[in-house]
Every structure is written in structure tokens, then in C-alpha cells.
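Novice: The structure is given below, and queries will be raised subsequently.
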Amino acid sequence: MAAVVAADDPVVIIGAGQAGTLTAEALRSGGHVGPITLLGDEPHGPYHRPPLSKAWLAGEMGEAQLMLRAPEVLAKKGITLRTGTQAVAIDREARQVRLADGTSLPYAGLVLATGAAPRTLALPGADAANVLPLRSRDDASRIAAALARCAGKQQPVVVIGGGFIGLEVAATARKKGLLVTVLEAGPRLLGRVLAPMLSDWFADLHRGHGVELVLQSRIEHIVTEGGEAVAVRLVDGRRLPCGLVVLGVGVSANDALARAAGLECEQGVVVDACARTSDPRIVAAGDNTARRLADGSLLRLESVHNATEQAKSAAAALLGQERPFTATPWFWSDQYGRKLQMAGLSTGADAWALRGELGGAAFSVFHYRAGRLVAVDSVNDAKLHLLARKLLDAGMSPAPEQVADAGFELAGLLAR
Amino acid sequence: MPQITFIEPSGNPVPLDVPEGWSLMQAASANGVDGLLGECGGSCACATCHCYVDDRLMSLLPPPQDNELGMLENVAAERRPNSRLACQIKASAALEGATVTLPECQE
């Protein structure tokens, strides 16, 4: 395969998050010596996003500790970081990226690492100043400040969305002693990812920590006074007073630039396993992508692991190497000192097996689809999580009876 | 601020002044030390900040907790008695002069 970019050609990367930054570094370590420009639309250099809903929100870490790379480290590697810089268009014919300030940057290879944007709610009152999503560092700082205000005025917090972001914020707010209500539209928490028994266990965990949980909630509107949300009104007539509403209702891929440039987009920028888009000069990595699988379906992953792996694939593709990302995806969440680690994709699972005791010190739920193991969710069971990744990578499917038998050595399956 | 030396997989030593309270993962990540990924941002969830600590550090540090032990059982590189996760080691004055060696691979 011929390299897309010659060693001294310019590469432009749109997006200075995990995916963009690691693509830049992988290009350098892969031997690219030409200019690399990393464009970030936030005022900050690259930072670790996972702590935003956890330690950062709790005020347990400083700005510098959140840095993924100090800007001077990138400079030393010859990576030009431009923060506060927005790309507004891609001219594929002229091979240029146009910036908001009217200037253009030429490229031989282009990396789209534009991430995702939090969804908003089309509800009256959702535009109030204290209805906040959590995606960026500034978002998290705003929520942290609002939590402090609520604590001072003894105002409760309403979290809309019982997914990871919503539940992590709820756990952090409870840790600070705030009254918290979580509203989830579905019949259970984390319904898209967890087995029903684990959803129930998480609901108990939150209730046990004093969270008011409303499942199958229907919101009528957000009550505002002077541009501030003061309560959330449910269709059943309940009125939940609050000083802050946190929106955790998912994200959408930032694919507008790619769409406008005529690249194939569907739920995100469509890429193959090697992070290549429909234009050979353009690769994409991270939360903005949707991967086309062999069977034609699309896979959207929103995770650090995906960003990291696609970054390596994207850099390799520009350098003319095929590096498909095929490893088992993994995810995690921290709530009340419990660590949930997930391996594989549980979509469409129809049977489950439990290893350990639900609610015990360490336990895991194995997901099966049509008789085959597809995913494993572990709570405080790090050793089993890493073993599960190996089993799934190897395409192994231990029988549910083996899983349920604590005396059966699952690691032994790998050694055979 | 203790000075801690990170040995990259190539053998290259990188001495860093690490602010007290920072984890060694945070210091290595922010400073772009090779051989450490720290994908989860310091949550003890990914086992990609595996390192080997020197003898003095071994005796100084509190032993790993259950979660770290579980992660260490399946690290990508060889696990040794002095294997730790850098995200679980917090810098303090007592760590002055310590050396931390990074393995060949993290995944």
C-alpha cells in the first residue's frame, strides 16, 4: 500500500482531544517528519476527558493534572497545537482546511477527530442558564460551580438521563451531600448496555446512597424564573424543585464538516476498520466516527479505547499501513467507589450468566447472544475483566454453567 | 517537589519534578514519557500505566489494593514483584530520587 502522505508532507488534524492528539503522536513515532498541525476549538490543550464526571467534578484534581500532554511536550515533538481555532470547511479539491479567521491550511493528509456534542432536549425551559450538559472541561467546571452554589443554598439537583454521565454526576453530587433526583425515560438504568439484573443492582446502589430515582419518567417542561430553572415538572404532575439540571441524554457525532465536504456520513463519519473515510486522503478517529462492519452494519463507539485504537489505525493509514482495529471494545464507570468494567458489546443479548454473587465484593455478568458470549460486565472484578477481554479477543465462549461455577478456572480455557 | 526518574522502554532516563499529590501516571502522561498510556485517565481501570518501581519505592509504598492487584494480574508486559500501576502512586517528598522503569508494552 502506498503512503498517502510523503514523509515531509503537511498533515492537519481537526480536533485536539484524545483521538487527535494520539494520531499526531503516532504519525511522529511512525516516521512522519513533515508539519503536523493539531487544531482544537477549545481554549485548552489536550486533556483527559474521563475524570471530568468523576475526580475533576469532585474538585479532587487540578488543571495541570488533567493534561493529556503539556503543550510544550507537543512542541518538542514538532506538533503545532493551535487552541481556540475552529475549522469551518474542508476543500477536498484544493486540499485545504478553512479556518474561522479566514485563513486556510494546506494538507496532504487530513485527520477528522472532531468528537461528539451532547444532545439537548426540545423542552420548554431547556435553554435556561442552569440546565447544563457535560462534555468539555468548561462544561464540567460550570457544573462544579453550580453544585457548589446548590450546596450553599441547599437546593436539590435534577439529573436527566440514567446513563453513565448522569449517574456519575449523581454519585458525585451525593458525595457532596446534595439532594439528587435522576430521571430516566426508559424502564431501567443503563438499559442499552447492562443486563437487567445489573441495571436493578445499580438502581439499588443509587437509591441506597439517597438518590431519588424516577424510571419511565415523562418530563412536561422545565419551570424557569428569570432565565433560571427552578423546577422540573413531570407529566404525572410531580414538580421537582432544583437549583441545577444536568443533561445526560447522550451525544451526537460532530460530522458536519465531513458532511458538508461530501464525505460518507451516517450516524457519524463512516470509516472502515483502518479508520479510512470515503476520501483516501482523509482518515477519522474517535467519537465522531461510525465504523462500517463486514456485514454492512455501522458500529458507533464512544470511548477512550476506541479513540486510542482508531488514532493508531488512522496514523498508520496515512503512512500506508493497514492496521485494523479489531480488539474487543472496553468501557468503564466509577460510582460510589464501585468500579464497573465492561468488555465487548452486549447489544441484542438474550441470556445472561452470573459469576460471583450479585452485590458481593466482586462479581461479573456474562452476556450471551444466540448461545455465544458477546460481553462481560464486571463490578470491582478487575482481574476477571481483563480475562474477559482475552476470552472475547480469542473468540472463546465458556458455557453459562462454567461461568456460574466459581470453582471452574476460566483462565484455563485460554491456556489450552 | 520530588524528582522522580522514569526510564523509557528504550532505556532513556527522563527525570521529572513531580508536584506532590500528583500520580506518577499524571506526571508521565503530561510530560509525554514514552512507554506509558494511561488510557483511563487515572481510574485504575485500564492497566496501561504499568511500571516497575525500584527497591526503595517498593518498601516505601503502601501495598496495592485489590483492584490494582486484579489489574496487575493481566498486564501486557511481564508482571514482576515490583510491578505497580503508576496511576495509583502519589508523589510525596519521601519519593525523592526514586526510579520507575516502563515496560516494553502496555497492551
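Novice: If each of A:Ala7 and B:Arg56 carries a label point 7 Å out from its Cα toward its Cβ, how far apart are those two points in nm?
Specialist: 4.3
Novice: Add -39500 (n - 2.57) for each DSSP H run of 4 or more in chain A, then divide by its residues: what number comes out at 222 nm, to the nearest 500 deg cm²/dmol?
Specialist: After summing the helix terms and dividing by the residues of chain A, the value is -7500 deg cm²/dmol.
Novice: Rg and Dmax of segment A:12-103, using alpha carbons, in Å: what are they?
Specialist: 14.6, 48
Novice: Once amide H atoms are built 1.01 Å from N in the peptide plane, which residues 5 or more positions from A:Val270, or in another chain, come under 5 Å H to H?
Specialist: Sorted by chain and number, the residues that satisfy this are A:Cys265, A:Ala290.
Novice: Quote the convex hull volume per residue of segment A:1-155, based on C-alpha atoms, as a whole number of Å³.
Specialist: That works out to 152 Å³ per residue.
Novice: For chain A, give me the percentage of DSSP beta bridges that are antiparallel, rounded to the nearest 5 percent.
Specialist: 60
Novice: Here's something else I'd like to know. Express in whole angstrom the spacing between the alpha-carbon centres of segment A:1-52 and segment A:351-416.
Specialist: 37
Novice: Related question: Return the whole-Å distance between the Cα centroid of segment A:264-325 and the Cα centroid of segment A:186-253.
Specialist: Their Cα centres are 33 Å away from one another.
Novice: If segment A:219-337 were replaced by its equivalent ellipsoid, with semi-axes equal to the square roots of 5 times the Cα gyration tensor eigenvalues, what would those be, largest first, whole Å?
Specialist: 39, 18, 12
Novice: Dividing the alpha-carbon Rg of segment A:337-415 by 2.2 N^0.38 Å yields what?
Specialist: Segment A:337-415 yields a ratio of 0.98.
Novice: Could I ask something else about it? Over the Cα atoms of segment B:3-101, each weighted equally, I'd like the Debye log10 I(q)/I(0) at q = 0.19, 0.25 Å⁻¹, rounded to two decimals.
Specialist: -0.86, -1.62
Novice: With a sphere of radius 15 Å drawn around the Cβ of A:Gly15, what net charge do the other residues whose Cβ falls strictly inside it have (Lys, Arg +1; Asp, Glu -1)?
Specialist: Summing Lys and Arg as +1 and Asp and Glu as -1 gives -1.
Novice: Among the DSSP beta bridges whose two residues both lie in segment A:122-231, what percent are antiparallel, rounded to the nearest 5?
Specialist: Bridges in segment A:122-231 that DSSP calls antiparallel: roughly 30 percent.
Novice: Would you kindly calculate the translational diffusion coefficient of segment A:131-247, applying Stokes-Einstein with the Kirkwood radius from alpha carbon pairs, for 37 °C and a viscosity of 0.692 mPa s, and quote it in µm² s⁻¹ without decimals?
Specialist: 230
Novice: Now for a separate question. Restricting things to alpha carbons, tell me how big the protein assembly as shown is in terms of Rg and Dmax, in Å.
Specialist: 23.1, 68
Novice: By how many nm would the segment from A:Glu63 to A:Leu413 lengthen if fully extended, with 0.36 nm per residue of separation less the alpha-carbon distance?
Specialist: 121.5 nm
Novice: Share of Cα-Cα pairs in segment B:65-107 beyond 17 Å, in percent?
Specialist: Considering segment B:65-107, 36 percent of its Cα-Cα pairs are separated by more than 17 Å.
Novice: Something else about it: May I ask you to order A:270-276, A:27-33, A:204-210 by the average number of other C-beta atoms within 10 Å around their residues, highest value first?
Specialist: Top to bottom by mean Cβ count within 10 Å: A:270-276, A:27-33, A:204-210.
Novice: Next up: Determine the equivalent ellipsoid of segment A:102-170 by diagonalising the alpha-carbon gyration tensor, then write out the semi-axes as square roots of 5 times the eigenvalues, largest first, rounded to whole Å.
Specialist: 33, 14, 13
Novice: Return the FRET efficiency for the residue pair A:Arg338, A:Ala129: r is the Cβ-Cβ distance, R0 is 30 Å, and the value is rounded to the nearest 0.05.
Specialist: With R0 = 30 Å, the Cβ-Cβ based efficiency is 0.35.
FYI, it's all coordinate maths here, none of it is from the lab. Source: prediction; values computed, not measured. All Cβ positions, even for glycine, are placed from backbone atoms using ideal geometry, and neighbour counts span all protein chains on display.
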